[in-house]
Structure formats: structure tokens, C-alpha cells
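In what follows, a single structure is set out as C-alpha cells and then discussed.
The values are calculated or read from the model by the stated rules, or taken from the named source; none is laboratory data. Being a predicted model, the structure only gives us computed values, none of them experimental. Backbone-built Cβ (ideal geometry, glycine too); neighbour counts: all protein chains shown. The area values use the complete protein model at the heavy-atom level, side chains included, leaving out ligands, DNA and RNA. Shrake-Rupley method; radii C 1.70, N 1.55, O 1.52, S 1.80 Å.
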Amino acid sequence: APQVYSTRCSSSTVPRITTHYTVYPRDKDPRWEGVEMERFADEADVVIVGGGPAGLSAAIRLKQLANQHEKELRVCVVEKASQIGAHTLSGACLEATALNELIPDWKERGAPLNTPVTEDKFSILTEKYRIPVPILPGLPMNNHGNYLVRLGNFVRWLGEQAEELGVELYPGYAAAEVLFHEDGSVKGIATNDVGIGKDGSPKDVFERGMELHAKVTLFGEGCHGHLAKQLYKQFNLRENCEPQTYAIGLKELWVIDEKKWRPGRAEHSVGWPLNRNTYGGSFLYHLNEGEPLVALGFVVGLDYTNPYLSPFREFQRWKHHPSLMSTLEGGNRIAYGARALNEGGFQSIPKLTFPGGMLIGCSPHTHTHNKSAFFTFLLLFFFVSCLQITIFTQSTIYCYIYIQRAPSCLSRHSLLQWVSDISHHSFLKPAKDCAPIEYPKPDGKISFDLLSSVALSGTNHEHDQPPHLTLKDDSVPVAQNLAVYDGPEQRFCPAGVYEYVPLETGDGMRLQINAQNCVHCKTCDIKDPSQNINWVVPEGSGGPAYNGM
């Protein structure tokens, strides 16, 4: 109960970390007495949470259908990033079938698809050698006909197409709360309040968020969305599917020596530096963007067992492989970011619909963002306008995901997920049962430290606000995570948000949350061994400022 929790956390032995109203209700806080809490409400036909590929594709198609049938349809998209595309991060290799259906004249409209794949390479890495693996036609690693893109730039372009059609875009507004009708159906969302101090008290500039009500609300928040997480429980959407599985993807952009640049080449690898019990892999894409640019990234499955493993440092070590060094030497790193990824297959897709709403894109599972949105828009248009409908099981996205129904990496991890009901966080072993991992120091040329990397992400948050990385119980990090697992949040976070520092009294440690560093990857919400961290939205426009990641 909150009263017990408040008492415990205000004791001298447990420093108070969490000040967010989701843990400390404001109606029991005397500092909030007399503060005006009424919210302005607005009405739309469809509200879409998340201005990513899925949300924007759904918005575009809805407006296309409305215009085609001469129907008035108000479609609003709320996006927590300060600009459309600023929180978007992906490899990315884009298969253009869905785009051809959505916007057939995308080339004439200047879509930033500048690099068709002309060469595929796949390898197994050992510490010193690269073993080529042939790519046969029909295998997933065959990317001919696809495009290497900077997904943030593509999403920004999709936003422009949506606005031309009359979609209302609201960047800088984070959807903080799901609203419900009295019958339990989804009514819409409320955007986040602003002007709250770090201690949880109202500032002079406090402003209540606004409510957006809709006939249908779409949730396209990306992997492990904080509202989707609530909807799973509210409507029991995961009752008949396998548990979701996850990975973390870390990415950098480099400008390299032009002599080493091969526009259109897509390289993938597995193996070193990960051991045989840890699944993951890497990519290196040569982009044709007017300068010798490469996108490179490293993915680590979040079912790893050793609490000493650091995905960020594995990524930095991987770049020192001879096959990577030869490409990167003499180059200049210009961007960095990270994001959690869905890795489950067809069997991990939850029920997508519920009264008043629907999940799209990476919120339910699918990494086929545009196509999942296509399926969505047709169902929605039927719901809102009673004009037409399609059946998911007859759609190309169903076929695509069913064919590729195995989880993304065929490994011990995949087989385990098919036969078990184990959550990711339970995979970590106690620190006493694991060997510490010695990582080489970064050289500042190929590999880098964490904080200089985060600086390249453009991440910024209003400092004086409650940390949006909330803890259900402030005593758990030291008593459980540090005591048993040696504080793994210090290592699995790719942005240096969590660190254990000595108590001012000198007789122990405390967890410090550097919320300003958060790149909104959601890894902590997934991998925390105590499942004590709950990621909620910060004030709107906070977070990374990716430029075409």
C-alpha cells in the first residue's frame, strides 16, 4: 500500500528516489491541495499514439480512404519526440512492398530511399577471423530489392505526406494515460502534465495535460510501449500467445574514408565477441547519402544470463574485429543511439484489438511497421465509416509473419521460448555464479566511452522534473539488484542512467538515476531482474534528438 511504501522510503536507511505521481498519488499530497486539475478535452475520430512508421502509415491510409469516399475524418497523431522522427532508430533495411501500396509515386514525392541493396554479405566471426557464409535466394538475409535507409529521415518524410492529407500531427506531446469509458472501453488518451518539480511538487508554471477522445485509439508506441503494457493487462491481450522476447540494438553512424565505401553493400554477422550462450549479431550498411556514410549496429538478446555483460561494451569491442577495423580506421563517428527490439515470432503476437482501440507496429510485436498499419487502417475505416473491411488472416502481413514465425534468431533462446513461459528478467544468474567480464578500455578512435556516446544522441530532458524511470519500491535496487546481481542496471543501460554511488554517510551504497541521459530504449523496463523499474513518459519533447537514425 502507498502509505507503507511512503513510510519505508522516508526512513533514514532508504533514500527516496521515486517522486513520480504514478507511485505517490497527488490526491494524498498536501502540496497539491487547491491546484486546478481539470483537463481540456478535444474530440477526434481516430487518435494515434506514436508518430513512427506504423502510426503515420495508418494515418495516411485512413485519410486516403476518407478522401476517396468523401468522408470527413479527423485523425490526430501524438508523438513524444520534439520532432517527427527524432526518436526513431533502426538499422534499417526496408522492404518496399507496403510503401508501393501506400504511396505508389513515392519516388516522385522524394522519399529518402537512396540506397538499393546491391551486395549482401553474411559472416560468422571468430576473434581474429571472418568466415563467409553463402546467402541463398529466399533466405532472410537476402536483401536484394530492399533499401538501406536512415529510418528517421523516412519517418519525417512520412509525416510530411500525412500533413498534406490533413492528418494533425502533435510532436512534443507524450501520451501519458489511457482514458476509459464507464463500460471499460478505451475513450482516448491524456497527454502528460508539465511543470512538476523533481520532488514531485507543482511549479508555478504547472499545466495539466489535455484529453483527446476518439472513436478508435491506435497505440503504435514501439517496442514495450508503456501504455500498451497496461492494455495487455487491462484486456488480457496476451492470454493466448507466447511470451514476448527482446533484444537491445545499439547503433552508430560513421563517415568513413571514401576508398572503403561501397554504397549498397549490406553486411551481417554473428559470433564474436558474444559467446555461444548469448545470442545476437551485427550489421554494417553502406549508405548512399551524398557522403561516404555507414550505419553499423550490434544486437544482444536480452535473455543473457551473466549480470556482468554490458551490451554497450560488447558493441565497442566488436568494432575492433579486423574486418570492421579495416572499414572504420580513419573515419569519424557522428551519431549514437539504442533501442529495445521485439524478437518474438508469429507465436508472440497478442490479441490486437480491444473495445475502442487497437495495437499496431512494434507495440504488439510486428517489425513490419507499414504493413501492420495497412491492415489496421482498413479495419478502422470500417469501424469509423462502415465502408470496408479486410481480414487479417488473408493479408500479406499475416503470411509474411507466419512464414517467418520463428523468433528472429534461431538459437537455444528461440527453442526455450517455444516451450517455456519464462520472462526475460528471470534469466539473470546471481553475480556469485558468474565470472566478471574484462572489457578493453576504449581507444577514442574506434571504441568510445559511454558518456561521450550519449552526447552524440542529442539527448536532453528538463532537469527539474520527477525521474521518469520510476521504482515500485526504492529499497529494492540496493537490497536485491546490487546485493544479488551486482547492480546489472549499470551495465544493461546504454545511456548511463543508473549508477550506484556511496551514501553520504559512507556506510553503504545508493542507486542514482540520471534520468536526463535516458534515450527511451526501454531496456531497463525489460531486463531489471526485480521487475521494479517502470518506464513512464517524461515531459513532452524530452529524450534523444536523432538525426536520421
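Things to note:
- Apolar share of the accessible surface for the range 241-303: 44 percent from carbon plus sulfur atoms, 1.4 Å probe.
- If R0 equals 30 Å, the separation of the Cβ atoms of Met325 and Ala435 corresponds to a calculated FRET efficiency of about 0.65.
- Global geometry of the range 57-129, whether rounded, prolate or oblate, following the gyration tensor of its Cα atoms and the 1.5 cut on a/c: prolate
- The chain, relative contact order [Cα under 8 Å, separation at least 6], %: 21
- Antiparallel bridges, percent of DSSP beta bridges restricted to the chain (to nearest 5): 70
- Shown here for the range 276-340: GluC sites (Glu not before Pro) in loop regions (DSSP other than H, G, I, E, B) with at most 14 other Cβ atoms within 10 Å, namely Glu329.
- Inter-part distance where the range 68-108 and the range 211-242 are each reduced to a Cα centre, Å: 20
- When the surface is traced with a 1.4 Å probe over the full set of protein chains, Ser82 keeps roughly 60 Å² accessible.
- Listed residues Ser363, Ser452 arranged by accessible area, highest first, probe 1.4 Å: Ser452, Ser363
- Sites matching GluC sites (Glu not before Pro) across the range 131-183 that sit in DSSP coil, with at most 16 neighbouring C-beta atoms within 10 Å: Glu182
- Percent carbon-and-sulfur accessible area, the range 39-179, ignoring ligands, DNA and RNA, probe 1.4 Å: 50
- Counting charges near Lys80 (Lys, Arg +1; Asp, Glu -1) among other residues having Cβ under 10 Å from its Cβ returns a value of -3.
- Reported value for the chain: 156 Å³ per residue, from the convex hull of its C-alpha atoms.
- Dipole-positive endmost among Tyr485, Leu99, Leu324 within the chain (Cβ charges, Cα centre): Leu324
- For the range 213-286: accessible area per residue (Å², 1.4 Å): 38
- Cα centroid separation, the range 113-170 to the range 296-368 (Å): 14
- Solvent-accessible heavy-atom area per residue, rounded to whole Å², over the range 52-192 at 1.4 Å: 46
- Net charge, Leu302 excluded, C-beta distance under 13 Å - Lys, Arg +1, Asp, Glu -1: -2
- Which listed pairs, of Lys441/Lys527; Lys71/Lys215; Lys351/Lys472; Lys128/Lys429; Lys187/Lys233, have C-alpha distances above 19 Å, in listed order: Lys441/Lys527; Lys351/Lys472; Lys128/Lys429
- Per residue value of the accessible surface for the range 451-542 (all protein chains in place, 1.4 Å probe), Å²: 34
- Taking a ≥ b ≥ c as the square roots of the eigenvalues of the Cα gyration tensor, the range 38-86 is oblate, since a/c reaches 1.5 or more and a/b is not larger than b/c.
- The longest part of the chain holding none of the exposed loop trypsin sites (Lys or Arg not before Pro), meaning those outside H, G, I, E and B in DSSP with at most 12 other Cβ atoms within 10 Å, is 277-549.
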